[in-house]
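**Student:** The structure is given below, and queries will be raised subsequently.
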Amino acid sequence: MDLKKLREIPSTYSLVKKALFLSFSIAIIAIISSSVWAVYVSKVFTKKIYIITEKGQAAIANSMNNDQDYENYRLPEIKNQIKVFHRLFFGYDQFSYDKNINEALYLIGNSGKQLYLSLKANGHFARIQSQNLVQKLEIDSIKVNDKEYPYHASVYGKLSVSRVDQNVSTKNLFYSSFDLYNVARTENNPHGLLIENYLFKSKGFENASADDAGNGIKAEAALNEEDSQ
C-alpha cells in the first residue's frame, strides 16, 4: 500500500461516518413523521359518524370539526347501534339465529354473553329450530341519555314469535335497559360503542342478565307502565 492510499483512509472513514449519520437521521425523521401521520389519521377517523346500512356496511354520514359537533352527532350513532343490536339479537329464524347472535355479541359485553348462555341453556334457540319459529322485535321507542357518560338507554317495543307454516303468532311487550361505552372502532363494531349492564323483560322470557334483583324490579315496573298506556 503506497503513502497516497494511506492518506486517503481518514477522509474515507469520515465520509462513511457522515453517510451513516445521514441514514440514521433520515430513519428517525421517517419514524416521527409516520407517528404524527398515524395520530392525525386516528383523530380524523374518530371524528366521523358512521351509520350501518341495511346491507351491514358502515357508511360515513357526516364529519365533525370540533368536540361539540362530535357530541351532537354521537346520538345518531348510539341509536343506530341500539337498533342494529336488537335487530340481530332478537330477530331471527331457525336458519339465521346463529349468524345473527354472533354478530350481535360483538356489540355487547359480558352481560350479553351471559344472557345468550342463559337463553341457550333454557332451550330457547333449540325451540326456534325444532318448531320452525320466526322471532321479530318491533321497536316502538328508544330513549337515550347522551348528556352523561356512560350513556344510558332504554328500548320499548313488541316481541313477536310465529311459525313459518302458520298464521298464528304471539306478541308481547318488550323492555330493555343498558349502558353504552365508547370503545375503539372495528370492522365488527364500526360505531365504537359497547353495550353493558344489559337487562330485558318480556313475557315468556327469563331475565337472564347479570344485574341485581333491584334492576329486575325496575324492568318489571317499566314494562307494566308501558302496558297500562
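The values are calculated or read from the model by the stated rules, or taken from the named source; none is laboratory data. Everything numeric here is computed off the predicted structure, so don't read it as measured data. Glycine gets a Cβ as well: all are built from the backbone with ideal geometry, and neighbour counts include every protein chain shown.
**Student:** Of all helices (runs of 4 or more DSSP H) completely enclosed by segment 74-152, which ones contain at least 3 residues that are more than 24 Å from residue 164 (Cα to Cα), among the aromatic types (Phe, Trp, Tyr) and touching a Gly at 6+ places or on another chain (Cβ under 7 Å)?
**Tutor:** In segment 74-152, there are no helices (runs of 4 or more DSSP H) which contain 3 or more residues that are more than 24 Å from residue 164 (Cα to Cα), among the aromatic types (Phe, Trp, Tyr) and touching a Gly at 6+ places or on another chain (Cβ under 7 Å).
**Student:** Right, here's the next one. List pairs: first in segment 90-106 and under 15 Å from residue 124 (Cβ atoms) and in the same structural domain as residue 201 (by TED's automatic domain parsing), second among the small types (Gly, Ala, Ser) and surrounded by fewer than 17 Cβ atoms within 10 Å (Cβ to Cβ), Cβ under 9 Å, 6+ apart or cross-chain?
**Tutor:** Close Cβ pairs satisfying both conditions: 94/130.
**Student:** Residue by residue through segment 69-127, note down the ones that are crowded, with 20+ Cβ neighbours inside 10 Å, at pLDDT 95 or above and small (Gly, Ala, Ser).
**Tutor:** Selection gives 104 alone.
**Student:** I need a count of the residues in segment 166-198 that are among the polar types (S, T, N, Q) and outside any loop (DSSP other than H, G, I, E, B).
**Tutor:** Looking only at that region, the number is 7.
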